[in-house]
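The values are calculated or read from the model by the stated rules, or taken from the named source; none is laboratory data. Just so you know, these numbers come straight off a predicted model, no measurement behind them. Positions of Cβ are generated from backbone atoms using ideal geometry, with glycine treated the same way; all protein chains shown enter the neighbour counts. We work out accessible area using only protein heavy atoms, side chains counted, and drop any ligands, DNA or RNA first. Shrake-Rupley method; radii C 1.70, N 1.55, O 1.52, S 1.80 Å.
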Amino acid sequence: MKHMLQQVFHSPKFVVGFIIFMSILLLSVIYPIFVTGDPLVIIGKGTFFEPGIYVNVVDGIDSQLYSLSLPDVAEKRIALKLGATERADMKEWLVAFGIPEADIDTEDTEALLNIWNQNYDSKLRLPGMTNARKNYFARLDASIDNLLSTEGIIIASKDPSTGALTEEETIGQSQYINVNRTSNVKVLPLGTDNFGRDMVPELISAIGTSLKIGFIAGSIATLLGLVLGLVAGYVGGWVDDIILFVTNLFIVIPSFVLLILISYSIGQEQRGAVTVAVVIGFTSWVWTCRAVRSQVISLRNRDHVNLSKLSGHSTAHIIISDILPYVASYVVMAFILQISSGILSEAGLSILGLGPKTSDVATLGLMMNWAMIYSAHIMGKWWAYFPVIIAIALITFSMNLMNTGLDLVFNPTLRD
Amino acid sequence: MKGYFKYFRNKFFWFVVTLIFAFLLNFLLPRLMPGDPVAAITAKIAQGSTSIETVKEVYKEYEQLFGTDKPISQQFVLYVRNVFNGDFGTSFTQYPRKVSSIIGSSLGWTLALQLPAILVGWIIGNVLGALAAYVKKGWDKVVMPVAIFVNNLPAFGLAVIMLVIFAVQLKWFPTSGGYGFDLIPSFTPNFIKSVLVHYQLPFWTLVLIAIGGQAIGMRSMSIYELNADYVKYARFMGVPDGKIIGYVFRNAMLPQVTGLALALGTMVGGSLVAETIFSYPGLGSTILSAVMGSDYPLISAATLIVTMMVLAFNFLIEIIYGLIDPRIKAAQSD
């Protein structure tokens, strides 16, 4: 046993897969210990906030101001507000308004803004322009207002009785705040999802749940397949006939269809993460059973098994101590693959809307489902779906690597 | 010839048995679950309706349709008769459309998409895998990591990535649907062109998905065959390399054919999910909308059609396999 483990851990493929998998597993176990609180709490009022550092505006105004003279402040500000598309849109409006196209230079910011400010009228509705488009230009105009001004912004407070505004402070163009000295700063490395939930804790808890589903489904499938395979292969006779018949049936009937039917029949209310895992487990034992059965049949008439029979050992004893060790390596490999295919099955089911009940858990499939329902992929909200795909791919990739590594150790003929 | 006949008879027997069993499962599974399915359906369809009379009528209608007032054996007979008459009831979500007409219009899309995609992917995957095993240097280093990467991405993940790159970013292809939303299905050049444009992205995505698994399988099969004794012997005898390669790949090919038959169910399942990402008007999207709308008759019919499709193609592959593998004839004739 010790020797075998040594050999396994000398296989580079297995070790790489093992390290990736253990890191993911540890992350999903350790992270919730340090970051307590509900991972699914809704913090954002709105959908798909971009990844970034969010600073509370009131705290920002209140905190100490630092004056920094940096060279390219104006350029950066313009670059954010006036991208290539905005410039092209402004040109479109101006051309529609009647300015000759040759007069508009979208590269020269100052000239463009000048010609825009001289001509733009938010009340004007140009022929052929939809209302939404008109509103868009009004918003664009407001956002580029004062873009080139060098004056500061005045902070005023309102007198509660008279309603008069008194100037409190003027914030200059070159003033900065230190994010570390501001009391309310929220870092959202992966933004928020469609419900306004922080993606990072949600993703980690989803990985945890998906791994759990994979483990449960994999254990059930492997155990069921192993027991049935051992019984069918060793006992033989009519027991074998029945089990073989059932395996032959389920090997061609697509398990995905069974999953859809069963999950739908259970109903949305009863479908927790564990139920889904159990259902996946009960529909995916066939391959293991078939492989174990054929291995057991080839082992059944070996000398050591016959010797054990002659010594009067019970069937259970023979199966456990004389046959099981020979199929153990295969079973471990099958278990690893079952886990990863269980995770994939859950994801596929969830995308079709047949995953675990949506309100109380997050799984990788459910996150994907929500991102697709809210068309995150078409709107370019990559943070809502890409990390999920990467997480699934990393889990399956690490499991496949471990499996290949084990295969190379246990089947020397495969080594090149 | 007698050997072939025996093989076909055996395969056909299994095809019929699995088909019957699939019918049974499709019939039994929803009925085994606790609760009265008709009551659940009635509750859903009569939502918002205050009149008790209407609710009662709806209940009666579905009780009759599914025959839940009769004993279970009679129900099964009724169910099979309905299926053979192509009568799957009326859809809830697209009332008063018949389920059979919805399935009929989406089945063609799925068949036209998945059948060529799986076939093309299987062929390309096998060629690439064989090349990787034979050429080894360089080629093996490029093809294999790519194939392994693609194989580890779930089908829907690959679909999303392809969609974002080629439809959203590069705008080469439309993002969703099977044809332009402003067109009505007809045999006009405009419509056919639109269908072809919409077809490309889902098609090549499914091809890519199929390539990954097949290339890996073919590579290891070919490596195994290349190291076999008969290859060494042929080399000693001075048989030209080209001829040996021909034998090797023919032998490596055979398990790939059975592999395709066995993987068909999984492939179709993955492809159905990928279809929904592209909002392709096939069975995948039909199942999705049926699940969303709790459209029980539609789900039941769609899953049955998918099963029958997989079983039929499985049977077809096994027949072809019987024709191309000479060992089948030898094994059956003694």
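Residue check: is B:Gly121 in contact with a Leu (Cβ under 7 Å, 6 or more places away or on another chain), in a helix (DSSP H, G or I), under 16 Å from B:Gly217 (Cβ atoms) and modelled with pLDDT of 80 or more? Break it down into steps so the answer makes sense when it comes.
Numbers: in contact with a Leu (Cβ under 7 Å, 6 or more places away or on another chain): yes; in a helix (DSSP H, G or I): yes; under 16 Å from B:Gly217 (Cβ atoms): yes; modelled with pLDDT of 80 or more: yes.
It is true that B:Gly121 is in contact with a Leu (Cβ under 7 Å, 6 or more places away or on another chain), in a helix (DSSP H, G or I), under 16 Å from B:Gly217 (Cβ atoms) and modelled with pLDDT of 80 or more.
Where in the range B:1-94 are there helices (runs of 4 or more DSSP H), lying wholly inside it, with at least 3 residues that are more than 25 Å from the chain's Cα centre (by Cα) and at pLDDT 75 or above?
Details: elements: B:2-32, B:37-45, B:52-66, B:72-84.
Once the helices (runs of 4 or more DSSP H) in the range B:1-94 are filtered for at least 3 residues that are more than 25 Å from the chain's Cα centre (by Cα) and at pLDDT 75 or above, what remains is B:2-32, B:52-66, B:72-84.
Would you call A:Tyr54 closer than 30 Å to A:Ile155 by Cα and open to solvent by less than 70 Å² (accessible area, probe 1.4 Å)? Spell out the reasoning first.
On the way: closer than 30 Å to A:Ile155 by Cα: yes; open to solvent by less than 70 Å² (accessible area, probe 1.4 Å): no.
So A:Tyr54 fails the test.
Are any residues in the range A:19-50 among the aromatic types (Phe, Trp, Tyr) and open to solvent by 70 Å² or more (accessible area, probe 1.4 Å), and if so, which ones?
A:Phe34
Pairs, please: C-beta under 8 Å, at least 6 apart or cross-chain, first residue under 18 Å from A:Leu140 (Cα atoms) and in the range A:92-107, second polar (S, T, N, Q)?
Listed pairs, sorted by first residue: A:Leu94/A:Asn119; A:Phe97/A:Asn119.
Identify, please: which residue in the range A:5-16 is free of Cβ contacts under 8 Å to residues at least 12 places away in the same chain and part of a helix (DSSP H, G or I) and is, among those, nearest to the chain's Cα centre (by Cα)?
A:Leu5
Quick check: is even one residue across the range A:26-33 in a helix (DSSP H, G or I), touching a Leu at 6+ places or on another chain (Cβ under 7 Å) and modelled with pLDDT of 85 or more? Working first, answer last.
Going through the range A:26-33, the residues in a helix (DSSP H, G or I) turn out to be A:26-33.
Right, trim to touching a Leu at 6+ places or on another chain (Cβ under 7 Å) and you get A:28.
The next check asks that each one be modelled with pLDDT of 85 or more; those that pass are A:28.
Yes: one or more hits.
So A:Asn301 fits all but one of (1) within 25 Å of the chain's Cα centre (by Cα); (2) modelled with pLDDT under 85; (3) over 24 Å from B:Leu32 (Cβ atoms); what number is the exception?
A:Asn301 satisfies all of (1) within 25 Å of the chain's Cα centre (by Cα); (2) modelled with pLDDT under 85; (3) over 24 Å from B:Leu32 (Cβ atoms) except (1).
What helices (runs of 4 or more DSSP H) completely inside the range A:320-416 contain at least 3 residues that are more than 10 Å from chain B (Cβ to nearest Cβ) and either acidic (Asp, Glu) or open to solvent by 50 Å² or more (accessible area, probe 1.4 Å) (or both)?
Result: A:324-351.
Collect the residues in the range A:65-91 that are without any contact (Cβ under 8 Å) to a residue 60 or more places away in the chain and either open to solvent by less than 50 Å² (accessible area, probe 1.4 Å) or not small (Gly, Ala, Ser) (or both), keeping them in residue-number order.
Here is the first cut: in the range A:65-91, the residues without any contact (Cβ under 8 Å) to a residue 60 or more places away in the chain are A:71-72, A:75-76, A:79-80, A:83-91.
Listed by number, the residues that qualify are A:Pro71, A:Asp72, A:Glu75, A:Lys76, A:Leu80, A:Gly83, A:Thr85, A:Glu86, A:Arg87, A:Asp89, A:Met90, A:Lys91.
What's the number of the only condition in (1) assigned to a helix (DSSP H, G or I); (2) surrounded by 24 or more Cβ atoms within 10 Å (Cβ to Cβ) that B:Ser285 fails to meet?
Here B:Ser285 meets the rest and fails (2).
Out of the range A:35-89, which residues are of a type in the set (S, T, N, Q) and within 18 Å of A:Asp108 (Cβ to Cβ)?
Keep residues of the range A:35-89 that are of a type in the set (S, T, N, Q), which gives A:36, A:47, A:56, A:63-64, A:67, A:69, A:85.
Of everything in the range A:35-89, just one residue is of a type in the set (S, T, N, Q) and within 18 Å of A:Asp108 (Cβ to Cβ), namely A:Thr85.
Taking B:Arg327 as the residue in question, decide whether it is basic (Lys, Arg) and surrounded by 16 or more Cβ atoms within 10 Å (Cβ to Cβ).
Details: basic (Lys, Arg): yes; surrounded by 16 or more Cβ atoms within 10 Å (Cβ to Cβ): no.
No, not satisfied.
Taking the residues in the range B:211-231 that are more than 14 Å from chain A (Cβ to nearest Cβ) and without any contact (Cβ under 8 Å) to a residue 40 or more places away in the chain as candidates, determine which candidate is surrounded by the most Cβ atoms within 10 Å (Cβ to Cβ).
B:Val231
Let me confirm something: among B:Ser271, B:Ser294, which residue is open to solvent by less than 30 Å² (accessible area, probe 1.4 Å), within 12 Å of another protein chain (Cβ to nearest Cβ) and farther than 19 Å from B:Thr110 by Cβ?
Values: B:Ser271 fails: farther than 19 Å from B:Thr110 by Cβ.
Within the list B:Ser271, B:Ser294, the selection yields B:Ser294.
How about the range A:219-293: which helices (runs of 4 or more DSSP H) wholly inside it have at least 1 residues that are at pLDDT 90 or above, in the same structural domain as A:Ser321 (by TED's automatic domain parsing) and open to solvent by 20 Å² or more (accessible area, probe 1.4 Å)?
Details: elements: A:237-252, A:255-266, A:273-282.
Here the list reads A:237-252, A:273-282.
Could you check B:Leu170 against (1) more than 14 Å from every other protein chain (Cβ to nearest Cβ); (2) free of Cβ contacts under 8 Å to residues at least 60 places away in the same chain and say which number it fails?
Only one criterion in (1) more than 14 Å from every other protein chain (Cβ to nearest Cβ); (2) free of Cβ contacts under 8 Å to residues at least 60 places away in the same chain is unmet by B:Leu170, namely (1).
A:Ile243: within 14 Å of chain B (Cβ to nearest Cβ) and without any contact (Cβ under 8 Å) to a residue 60 or more places away in the chain, yes or no?
Working: within 14 Å of chain B (Cβ to nearest Cβ): no; without any contact (Cβ under 8 Å) to a residue 60 or more places away in the chain: yes.
It is false that A:Ile243 is within 14 Å of chain B (Cβ to nearest Cβ) and without any contact (Cβ under 8 Å) to a residue 60 or more places away in the chain.
If you check B:Leu183, B:Leu208, B:Leu153, B:Leu158, which single one turns out to be open to solvent by 40 Å² or more (accessible area, probe 1.4 Å) and either touching a Pro at 6+ places or on another chain (Cβ under 9 Å) or closer than 27 Å to B:Gln256 by Cα (or both)?
Working: B:Leu183 fails: either touching a Pro at 6+ places or on another chain (Cβ under 9 Å) or closer than 27 Å to B:Gln256 by Cα (or both); B:Leu153 fails: open to solvent by 40 Å² or more (accessible area, probe 1.4 Å); B:Leu158 fails: open to solvent by 40 Å² or more (accessible area, probe 1.4 Å).
None of the other options fit; the residue is B:Leu208.
Hey, among A:Leu70, A:Leu40, which residue is part of a loop (DSSP other than H, G, I, E, B) and more than 23 Å from A:Ile204 (Cβ to Cβ)?
A:Leu70 is the lone residue from the list that is part of a loop (DSSP other than H, G, I, E, B) and more than 23 Å from A:Ile204 (Cβ to Cβ).
Whether any residue in the range B:105-113 is of a type in the set (S, T, N, Q), assigned to a helix (DSSP H, G or I) and open to solvent by 50 Å² or more (accessible area, probe 1.4 Å) is what I want to check. Steps first, please.
Residues of the range B:105-113 of a type in the set (S, T, N, Q): B:105-106, B:110.
Now narrow it down to the ones that are assigned to a helix (DSSP H, G or I): B:105-106, B:110.
Still in the running and open to solvent by 50 Å² or more (accessible area, probe 1.4 Å): B:105.
Yes, the conditions are met somewhere in the range B:105-113.
Going residue by residue through the range B:275-286, is there one that turns out to be within 11 Å of chain A (Cβ to nearest Cβ), on the phi < 0 side of the Ramachandran plot, of a type in the set (A, V, I, L, M, F, W, C) and out of contact with any Pro (no Cβ under 7 Å at 6 or more places or on another chain)? Lay out the reasoning, then the answer.
Step one: of the range B:275-286, the residues within 11 Å of chain A (Cβ to nearest Cβ) are B:275-279, B:283-286.
When the remaining residues are screened for being on the phi < 0 side of the Ramachandran plot, the result is B:275-278, B:283-286.
Filter again for of a type in the set (A, V, I, L, M, F, W, C), leaving B:277-278, B:283.
Restricting the remaining residues to those that are out of contact with any Pro (no Cβ under 7 Å at 6 or more places or on another chain) gives B:277, B:283.
Looking through the range B:275-286, at least one residue is within 11 Å of chain A (Cβ to nearest Cβ), on the phi < 0 side of the Ramachandran plot, of a type in the set (A, V, I, L, M, F, W, C) and out of contact with any Pro (no Cβ under 7 Å at 6 or more places or on another chain).
Please enumerate the residues belonging to the range A:332-352 that are touching a residue at least 40 places away in the same chain (Cβ under 8 Å), under 21 Å from B:Ala274 (Cα atoms) and aliphatic (A, V, I, L, M).
As a first pass, look at the range A:332-352 and keep what is touching a residue at least 40 places away in the same chain (Cβ under 8 Å): A:332-349, A:352.
With the extra rule that they be under 21 Å from B:Ala274 (Cα atoms), the set shrinks to A:340-349, A:352.
Of everything in the range A:332-352, those that are touching a residue at least 40 places away in the same chain (Cβ under 8 Å), under 21 Å from B:Ala274 (Cα atoms) and aliphatic (A, V, I, L, M) turn out to be A:Ile343, A:Leu344, A:Ala347, A:Leu349, A:Leu352.
Output yes when any residue across the range B:232-245 is in contact (Cβ under 8 Å) with a residue 24 or more places away in the chain, open to solvent by 50 Å² or more (accessible area, probe 1.4 Å) and in a helix (DSSP H, G or I), and no when none is. Reasoning before the result, please.
First, pick out the residues of the range B:232-245 that are in contact (Cβ under 8 Å) with a residue 24 or more places away in the chain: B:245.
Pick out the ones that are also open to solvent by 50 Å² or more (accessible area, probe 1.4 Å) and you get none.
No, there is no match, as no residue in the range B:232-245 is in contact (Cβ under 8 Å) with a residue 24 or more places away in the chain, open to solvent by 50 Å² or more (accessible area, probe 1.4 Å) and in a helix (DSSP H, G or I).
In the range A:262-278, what residues are among the hydrophobic types (A, V, I, L, M, F, W, C) and at the interface with chain B (Cβ under 10 Å from one of its Cβ atoms)?
Taking the range A:262-278 as the starting set, the residues that turn out to be among the hydrophobic types (A, V, I, L, M, F, W, C) are A:262, A:266, A:273-274, A:276-278.
A:Ile262, A:Ile266 - these are the residues of the range A:262-278 that are among the hydrophobic types (A, V, I, L, M, F, W, C) and at the interface with chain B (Cβ under 10 Å from one of its Cβ atoms).
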